[in-house]
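Below is one structure, written out as structure tokens; comments come after it.
The values are calculated or read from the model by the stated rules, or taken from the named source; none is laboratory data. On a predicted model such as this, the values are computed, not experimentally measured, just so you know. Don't worry about glycine lacking a Cβ; one is built from the backbone with ideal geometry, like all the others, and counts go over all protein chains shown. Ligands, DNA and RNA are excluded from the accessible area calculation, which covers all protein heavy atoms including side chains. Shrake-Rupley method; radii C 1.70, N 1.55, O 1.52, S 1.80 Å.
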Amino acid sequence: MIIGVPTEIKAEENRVAITPAGVSALVAHGHLVLVERRAGEGSGLSDAQYRAAGAHVLRTAREVWHDAEMILKVKEPLPTEYRHLREGLLIFTYLHLAASEELTRILRAKKVSAVGYETIQLDDGSLPLLAPMSEVAGRLSIQVGSWCLQAPNGGAGILLAGASGVRPANVVILGAGIAGANACQIAAGVGAHVSIIDRNPARLRYIHDILGGHITTVMSNHANIEDEVLGADLVVGSVLVAGAKAPHLITRKMVRAMKRGAAIVDISIDQGGCVETSRPTTLDDPIYVIDGVVHYCVTNMPAVVPRTSTFALTNATLSYALELADKGLQRAAHENIPLQRGVNTLGGHITHVGVAEAFKMDYTPLGELI
């Protein structure tokens, strides 16, 4: 198979879809890998390293998209890339289609086969290709949240750890998945007072046990969320419904009643956000203030640390990329159920129920197409 790796064009996106070691593995399986010139530069990976691994380095994105049968990306295709989409093309990337009706319609209209990293799901419900970026985003959320609380950024001028004789900040984390658990670990580690909210008592018990009881676990319901949010200095939203739009657990009314100078970091923004006042931002303009509350809603947070993120991503995606390249989409999806769950569109059909429900579009089970 001919596999293309274009340079990411999203604002401040310095990750790349595969490392030279990943290219080497694909080449060893007999595949041709096309990498756009300087695609890995933002992650500290040179064209010479890709050539040494066996890739063909091409000058333009158009060449890569035109010649490839499968495109490996980090982020979803942007409007300037839509012209490259065509029937029969396979795209393997973070799609987050439930947050983009426009892209969903484009993929369906152009009959592109699209597999979303974030919707590949194991039998135990875990999301193996979302996990590494969720880990990075969760850890970063405390770092950027602390920055948001600084007075020059509109924050209340609060240090998360407090100081001698001064109380630490109150950090509230919505969602105890991988991102939430990592945010919890970092926040507790710097000395903040941490509450984590989830609807799964077993998950809360696990986090309470591994962190030695240094946090407060809270069952998720409207009253508990409101109570915790109103007392928070920093709120981290890490709610995820696989493939579907995130629910608005924090309403505008709650935001209006929060402390002035408090901050919200909405990791869920890729899926529409779990805060009613959230809207997507970029790394070059990451924050805005509503009702005195600083909002950080960057849709590609792990791009802040592109080298770490690129290597972590390739570690997770490579085995699935190899299976798709070796077998083709239909056979690979037929034989690999977790991969099958990751197929969002195929031949003009929407094959992920969460995406179809988000926009009230027709849903076609993948089993009827393969």
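Put a dot 7 Å past the Cα of Q49, heading toward its Cβ, do the same for R86, and the two dots end up 3.1 nm apart. Rolling a 1.4 Å probe across the protein heavy atoms gives region 224-370 an accessible surface of 39 Å² per residue. The simple spin-label model puts a point 7 Å past each Cα toward its Cβ; for R252 and E41 those points are separated by 4.3 nm. Each peptide among 161-169, 310-318 gets the average number of other Cβ atoms lying within 10 Å of its residues, and from highest to lowest they stand as 310-318, 161-169.
Accessible surface area normalised per residue over region 42-158 is 40 Å², counting heavy atoms of protein chains with a 1.4 Å rolling probe. DSSP bridge analysis restricted to region 42-194 gives an antiparallel fraction near 10%, rounded to the nearest 5. Spatially, region 1-51 and region 96-168 are offset by 24 Å when compared through their Cα centroids. Region 318-370 and region 193-230 have Cα centres spaced 35 Å apart.
Taking the 1.4 Å solvent-accessible surface of region 169-209 as the whole, the part contributed by carbon and sulfur is 51%.
Could you please report the charge total around T314, scoring K, R as +1 and D, E as -1 over all other residues with beta-carbon less than 13 angstrom from its beta-carbon? Result for the local shell: +3. Couplings 3J(HN,Hα) of region 33-39, computed from phi: 10, 10, 10, 5, 3, 6, 4 Hz, in residue order, whole Hz [Karplus 6.51 cos²θ - 1.76 cosθ + 1.60, θ = phi - 60°; x for Gly and Pro].
Computing FRET efficiency as 1/(1 + (r/R0)^6) for Q330 and L283, where r is the C-beta to C-beta distance and R0 is 56 Å, gives about 0.90. Cα-based values for region 116-252, radius of gyration first and Dmax second, are 15.0, 49 Å.
Express the relative contact order of the chain as a whole percentage, based on alpha carbon pairs under 8 Å and six or more residues apart in sequence. Relative contact order for the chain comes out at 18 percent.
For region 323-332, the Karplus equation 6.51 cos²θ - 1.76 cosθ + 1.60, evaluated at θ = phi - 60°, returns couplings of 5, 5, 5, 6, 10, x, 4, 5, 5, 4 Hz by residue, with Gly and Pro reported as x.
How high is the FRET efficiency from L230 to N315, r the C-beta distance, R0 51 Å, rounded to 0.05? Kindly include the intermediate steps, with their values, before the conclusion.
Numbers: r = 40 Å, r/R0 = 0.79.
Taking R0 as 51 Å, the efficiency between L230 and N315 is 0.80.
What fraction, in whole percent, of alpha-carbon pairs in region 71-188 exceed 16 Å separation? Value for region 71-188: 69 percent of Cα pairs lie more than 16 Å apart.
Residues considered: G155, G175, G213. Largest GNM mean-square fluctuation over the chain, using C-alpha springs under 10 Å, is found at G213. Percent of Cα pairs in region 34-87 per distance bin of 5 Å, from zero to the largest separation: 4, 18, 28, 27, 14, 7, 1. Zone of E69 (label point 7 Å along Cα→Cβ, backbone N under 15 Å): which residues in region 97-117? Residues 113 fall inside that zone. Carbon and sulfur together cover what percent of the accessible area of region 257-370 at a 1.4 Å probe radius? Roughly 50 percent of what the probe reaches on region 257-370 is carbon or sulfur. Rg and Dmax, both from the Cα atoms of region 223-370 and both in Å, are 19.1, 55.
On the principal axes of its alpha-carbon atoms, region 112-163 has extents of 49, 28, 12 Å, going from largest to smallest.
Within the accessible surface of region 55-122, defined with a 1.4 Å probe on protein heavy atoms only, the carbon and sulfur portion equals 48 percent.
Amide H to amide H distances under 5 Å link T345 with A114, T351, where only residues 5 or more positions off or on other chains count and H is placed in the peptide plane. Projecting the alpha carbon convex hull of the chain along each direction and taking the average yields 18.2 nm².
Global dimensions of region 1-119 from alpha-carbon coordinates: Rg and Dmax equal 13.6, 40 Å.
When Rg is the radius of gyration of the Cα atoms in region 196-299 and Rh is its Kirkwood radius, what does Rg/Rh come to?
Numbers: Rg = 13.9 Å, Rh = 14.3 Å.
With Rg and the Kirkwood Rh in hand, the quotient comes to 0.97.
If R0 is taken as 25 Å, the Cβ-Cβ distance between R59 and A28 corresponds to a FRET efficiency of 0.45.
Remark: region 148-158, residue by residue, has Karplus-estimated 3J(HN,Hα) of 4, 6, 5, 4, x, 9, x, x, 6, x, 10 Hz, where x stands for each Gly or Pro and the curve is 6.51 cos²θ - 1.76 cosθ + 1.60 at θ = phi - 60°. Distant-in-sequence amide contacts of I290, defined by a placed amide H-H separation under 5 Å and a gap of 5 or more residues or a different chain, comprise H295.
With 19 Å as the cut-off, how large is the P(r) tail for region 157-214, expressed as percent of Cα-Cα pairs? Mind showing how you got there, number by number?
Working: 436 of 1653 pairs.
Of the Cα pairs, 26 percent sit more than 19 Å apart.
Going down the table (K75/K360; K253/K360; K111/K253; K75/K259; K10/K110; K10/K259), which pairs top 30 Å between alpha carbons? Long pairs (Cα-Cα over 30 Å): K111/K253; K75/K259; K10/K259.
Between T217, T80, T282, the residue with the greatest mean-square fluctuation in the GNM of the chain (Cα pairs under 10 Å linked by springs) is T80. Between the amide H of L369 and any residue lying 5 or more places away or on another chain, no distance stays under 5 Å, with hydrogens modeled in the peptide plane.
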